[in-house]
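Report on one structure; see the data block that follows.
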Amino acid sequence: MTEILNELLNAGGTWLFIILAPLLIASFAVFPSTRKMAIYLTPFAAAPALLLSLTAPVGVSVDLPALLLGTRLGLGEGMQVFLLLTAVIWTLAGLYAVGAMRSSEHRLRFHILFLITMSGNLGVVIAQDMATFYTTFAVMTFASYGLVIHANTSYATRAGRVYLSMAIVGEVLLFASMVVFAQLTGTIYFDEMRFDQIPATPLLIGSALAVLGLGVKSGLLGLHMWMPLAYSAAPTPASAVLSGAMVNAGLIGWLRLLPFGQVEWPVFGAIVAAVGLAGAFIGVAFGIMQRHPKSVLAYSSVSQMGLVTVMIGLGLMSPNALPIVFSAIILYALHHALVKASLFLVEENSRTSSGVLHRYLMGAAIVLLSLSLAGAPFTSGMVAKVAMKSASISGAGDWYGTLAVLLPVSSLGTALLMFRFAVLAWPAPTHSISVSRTVKLATVFLVGLASTLIWIWPAGTSQSVANDIVNGKSIWASIWPVLAGAIIGLVTLIVTRRHRPRRRLPYIPPGDLLSWTSAQIRKVRRNSSQLLRDWLESCGRPSSEVSDISRRVEKRPHRVFDI
Amino acid sequence: MNSGSAMLLVVMLSSLVPAILIFFLREERHRLRSVLNLAGAVLKLAVVGFMLWGVFHGKVYELTIPFLPGLPLHLHADALSMFLITLSALLWFFTTIYAIGYLEGAPHRSRFFGFFSLCVSATVGIALAGDLLTFLIFYELLTLTTYPLVAHKGTEKALKAAKTYLKYTMGGGAVLLLATVWLYQTAGTLEFREQGFLSAVADGNAATLTIIFVLFIVGFGVKAALVPLHGWLPQAMVAPAPVSALLHAVAVVKAGAFGIVRVVSDVYGIEFSAAMGLLTPLAIAASITIVYGSVRALAQDDLKRRLAFSTVSQVSYITLGMALGSPLAALGGIVHLVHQGVMKITLFFCAGNLAETAGVFRISQMNGIGRRMPWTMGAFTVAAFGMIGIPPIAGFVSKWHLGLGAVSAGQHWAILILVSSSLLNAAYFLPILHAAWFKKSDQEITDRELSLVRRDAKWSLLTPALATAALSILIGLFANAETSPLSWANLIMQREFGL
């Protein structure tokens, strides 16, 4: 039995099947008679990936020499978690989509693109060489454009255009960095890359290009503007996979490409960490000023990925801290992805709630997930944050003091941000919309996994963290930011409710910097050529739909409170 | 005459004989004409396949025909020739099917197909030419045989475009003749040789060789559409779609690029020309062309015009690869000869389908066309993504090696050119795809009406487009396979650099 299993794991076809399965199901859409199957089989497309992530040992890889420039697939170090995570989120989002998209005009198109994106995303996780990584990354990027613009409103179209423009810039930067790495190291295989013989400057340039190119996907500050737009414009299942699964594609790229453990870059690492830290705080600040709950979540992603970026910076600074930094990154990514994807599903569910019980459940889920994201005791967030803290201790010396202060402050920020989200997304009775059973099932499953998975899996990693948690210090350290956040939030809420006409928070439209640039662009536009004009307009114009969306949010019936 | 030279003759004659026969056919003998054409194309494919096997195993095919005293016509099949011949044989086959469908019911078909086959014969001659003189003769023949094709429609616009084409290419031809004669004077031989033959006569001739090099580049630059010699190409797109397809993918533009490859690698030699400092200016000219062509393409609303400017840009990848002076870059350039051909012919097939089936000529008319013609637009999408350089489509493989070559030659700036070209390609292709797939059609067509009109192009137009689109995926996806263009380009480079 085990022999058969081993043989399967060492067969190229098995690994290729992970990538091909979604495409195969998508191809059912070609024939009218099998069209429905493409839709209803969507939740099963990630099943091979799911199975393999649970059975394959780390370090397995297979070569498919004829493919691309010599494809190698398999599970690299730490990638098991990502494969499981990606497969779970795609499976449940697929299940959700079956019900949620059923009355959509272009339902079939959505599913086809959903499946192609899934194929790319799974490929990114198991790719062991640059060409395969780049290929699957590109497939994912371009297919997901169709998911973002699915609603076909002018808001969605603009979001899609911003997303695609930035993604393409990311793609070409990634291309440049890979070419540099491949030529310097003489190999395209991640596990064969050695950096010790390489002159420092080109290596640094290649790494900087990789940080920027992949940073677009992981919402690096300054390259994050597409996130709030795309997350809020996309249909909910697409937002869930964007925020849960695809957000980690950039991170995976960083882990594979950057010369961790083989370089010591105090300055470059510090810059990366600083940008990450800035993202963590600015994400919170901008997020609080959002009026659409999905945009709040998107800015929260910018903030959370900022923290992960800090870890990446630490890893580049000090090779010694590497193992613990890596496990912190992986735990954090696991926690954030599951919680964030669940939040998107719950957010939509709370808007379509019909029954009282459903509403209470969704309210409870919002509270639970928000607490988790803020790192309250006994949530997955706490595990992740404890891991991150211990990583920062073992990281570079100067940074420990800074991080010891700033990490709890960022938790406080997250708590505030999630309070804002809870207020915006709080379930209110609406006219009854029948919610499909698959939608409910997917939501419940994902919320359940988000709150439990990190405790049971990956087994070894959370053990040490659990020991940490048992002594009371960690508990207090994780309680006070949440408490403080909740108190500040409540006070603000009460104060603003007392003053009528209501004082409102200042508003920053989703895509922050872009809206500012659009004013500048309008100036430029007046005296620029038609060509330039059209291009800039398509990226930078604050669409009337931006305000449409916020108006719609404000008009939600029977609002309980408003900040 | 041994079997090797017979093989060369068959390859030449498989398109030449049908051409001559077709000229004598009455206009309405459609079936016989099609049979002749297709039989020639299939025969050529078969022989080319056989020769590929032979060349791979080190066999040399040669044929000498007496021509001028002391200067015979010399045909010679090396790895590089086989590359272009395979491309032309394959794409001629697809284009013939396409043209038969495209011109159904059109006048002057005998004339068209006659010149069409002649044009292919000339391309084969260019590929097989073993020395510069032979090359030049077929190169000029190509000019003459494509003129009637560009002018085929006989409209004022077509005649004007054909005239412009002739002016440009004849001018280029004259410059080439001058360069060739001068080179013969200087070096005493014109025979292509791996790693070039001029390093032997370099002493004291540096200035002369530099000038001759410039003349060659200017001469070939006309057909290769190097800026500022590209003016004829966007005009020539008035030609019927199959002509544009062949013109942009295999015949004319490729002949120019192939000429540059031959001169750089087999006359001067890459290392020698790099040592003489000839390559950097060439690389700059290619880079300017790459960026300029893409920028101009952005502003075109006419689909074929946009594609034409895209060709201007893409063909210069080949020149850039030769000019970067590293084996890897040259590999990228040479493999792009085939990759660009397969992708670009797909785009022109699709443009023809759109025009023929839906009457769509402009990009602004393409809203929602993906719904009516999903297969055509599917093929178009694949080829457009390939042009941008997105894997797993062929264009990525070229770009990847060009990029590697740029780094290994220490010419990092070239990556910037590749990157900006990708961005520009995305900027002019993606809006087309968005309009076709996601925008609502301007005419309100219901599903019912849609099922009444013919949805997509007829099979004779659709099959070639789908085949070449599939091919551009396959040669990219299986780039590392032993039978891929990349592996063959590797073989060329091994022999070229004596590695």
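The values are calculated or read from the model by the stated rules, or taken from the named source; none is laboratory data. Quantities reported herein were computed from a predicted structural model and do not represent experimental measurements. In this analysis, Cβ positions are derived from the backbone assuming ideal geometry, glycine residues included, and neighbour counts consider all displayed protein chains.
I want to confirm something. Restricting to the stretch A:25-73 and keeping residues that are polar (S, T, N, Q) and within 13 Å of another protein chain (Cβ to nearest Cβ), which single residue is surrounded by the most Cβ atoms within 10 Å (Cβ to Cβ)?
Per the stated criteria, the residue is A:71.
Residues in the stretch A:121-142 that are more than 11 Å from chain B (Cβ to nearest Cβ) and part of a helix (DSSP H, G or I): A:121, A:122, A:124, A:125, A:126, A:140.
Restricting attention to the stretch B:217-263, the residues that are aromatic (Phe, Trp, Tyr) and without any contact (Cβ under 8 Å) to a residue 12 or more places away in the chain add up to 0.
Screening residue B:483 on (1) under 24 Å from residue B:373 (Cβ atoms); (2) part of a loop (DSSP other than H, G, I, E, B) shows it passes everything except condition (1). Does any residue of the stretch B:465-472 turn out to be within 30 Å of residue A:209 (Cβ to Cβ), at pLDDT 90 or above and within 12 Å of another protein chain (Cβ to nearest Cβ)? No, there is no match, as no residue in the stretch B:465-472 is within 30 Å of residue A:209 (Cβ to Cβ), at pLDDT 90 or above and within 12 Å of another protein chain (Cβ to nearest Cβ). Annotation note: Cβ proximity below 6 Å between a residue of the stretch B:393-408 that is within 9 Å of chain A (Cβ to nearest Cβ) and a residue that is small (Gly, Ala, Ser) and not in a helix (DSSP H, G or I) (sequence gap 6+ or interchain) occurs for B:396/B:389; B:397/B:479; B:399/B:389; B:405/B:326; B:408/B:326.
Exactly one residue among B:88, B:81 is touching a helix residue (DSSP H, G or I) at 6+ places or on another chain (Cβ under 9 Å), more than 24 Å from residue B:462 (Cβ to Cβ) and of a type in the set (S, T, N, Q), and that residue is B:81. Contact annotation: residue pairs with Cβ atoms under 8 Å, 6 or more positions apart or on different chains, pairing a residue in the stretch B:476-492 that is crowded, with 19+ Cβ neighbours inside 10 Å with a partner that is of a type in the set (Phe, Trp, Tyr), are B:476/B:396; B:484/B:478; B:485/B:83; B:488/B:83; B:489/B:83; B:492/B:83. Just to be sure, is residue A:86 assigned to a helix (DSSP H, G or I), more than 28 Å from residue A:441 (Cβ to Cβ), under 19 Å from the mean Cα position of the chain (by Cα) and of a type in the set (Ser, Thr, Tyr)? It is false that residue A:86 is assigned to a helix (DSSP H, G or I), more than 28 Å from residue A:441 (Cβ to Cβ), under 19 Å from the mean Cα position of the chain (by Cα) and of a type in the set (Ser, Thr, Tyr).
Restricting to the stretch A:188-208, and then to whatever is more than 12 Å from chain B (Cβ to nearest Cβ) and of a type in the set (Ser, Thr, Tyr), can you tell me which residue is nearest to residue B:406 (Cα to Cα)? The qualifying residue nearest to residue B:406 (Cα to Cα) is A:207.
So which of A:341, A:374 ends up being in contact (Cβ under 8 Å) with a residue 12 or more places away in the chain, closer than 22 Å to residue A:79 by Cβ and touching a helix residue (DSSP H, G or I) at 6+ places or on another chain (Cβ under 6 Å)?
The unique qualifying residue is A:341.
When residue A:274 is tested against the conditions (1) crowded, with 24+ Cβ neighbours inside 10 Å; (2) aliphatic (A, V, I, L, M); (3) free of Cβ contacts under 8 Å to residues at least 40 places away in the same chain, the lone failure is (1).
Only residues that are hydrophobic (A, V, I, L, M, F, W, C) and within 16 Å of residue B:145 (Cβ to Cβ): list them for the stretch B:246-286, please.
If the condition is that a residue be hydrophobic (A, V, I, L, M, F, W, C) and within 16 Å of residue B:145 (Cβ to Cβ), then B:246, B:247, B:250, B:251, B:252, B:253, B:255 are the ones that fit.
Taken over the stretch B:293-309, residues that are away from every other protein chain (no Cβ under 14 Å), in a helix (DSSP H, G or I) and out of contact with any helix residue (DSSP H, G or I) (no Cβ under 6 Å at 6 or more places or on another chain) amount to 0. Look at (1) among the small types (Gly, Ala, Ser); (2) more than 14 Å from chain B (Cβ to nearest Cβ); (3) part of a loop (DSSP other than H, G, I, E, B) and you find that residue A:151 fails only one, number (2).
Would the stretch A:196-205 turn up any residue that is under 24 Å from residue A:333 (Cα atoms) and touching a residue at least 60 places away in the same chain (Cβ under 8 Å)?
Checked against the condition, which is being under 24 Å from residue A:333 (Cα atoms) and touching a residue at least 60 places away in the same chain (Cβ under 8 Å), the stretch A:196-205 yields no hits at all.
Scanning the stretch A:194-210 for residues that are within 22 Å of residue A:309 (Cα to Cα) and either of a type in the set (Asp, Glu) or not in a helix (DSSP H, G or I) (or both) yields a count of 1. For residue B:228, the criteria (1) modelled with pLDDT under 95; (2) assigned to a helix (DSSP H, G or I); (3) closer than 24 Å to residue B:415 by Cα hold in every case but one, which is (2). If the condition is being within 14 Å of chain A (Cβ to nearest Cβ) and under 18 Å from the mean Cα position of the chain (by Cα), then the stretch B:485-499 contributes B:485, B:486, B:489. On the basis of being of a type outside the set (Phe, Trp, Tyr) and away from chain B (no Cβ under 11 Å), does residue A:183 make the cut? Against the criterion (of a type outside the set (Phe, Trp, Tyr) and away from chain B (no Cβ under 11 Å)), residue A:183 does not qualify.
With respect to residue B:329, determine if the residue is small (Gly, Ala, Ser) and within 14 Å of chain A (Cβ to nearest Cβ). In short, yes.
In this structure, residue A:478 qualifies as assigned to a helix (DSSP H, G or I), within 22 Å of residue A:343 (Cα to Cα) and modelled with pLDDT of 60 or more. Checked across the stretch A:323-337, the condition of being modelled with pLDDT of 80 or more, closer than 30 Å to residue A:207 by Cα, surrounded by fewer than 19 Cβ atoms within 10 Å (Cβ to Cβ) and not aromatic (Phe, Trp, Tyr) holds for at least one residue.
When residues in the stretch A:37-56 are screened for being closer than 13 Å to residue A:8 by Cα and either assigned to a helix (DSSP H, G or I) or free of Cβ contacts under 8 Å to residues at least 40 places away in the same chain (or both), 4 of them pass.
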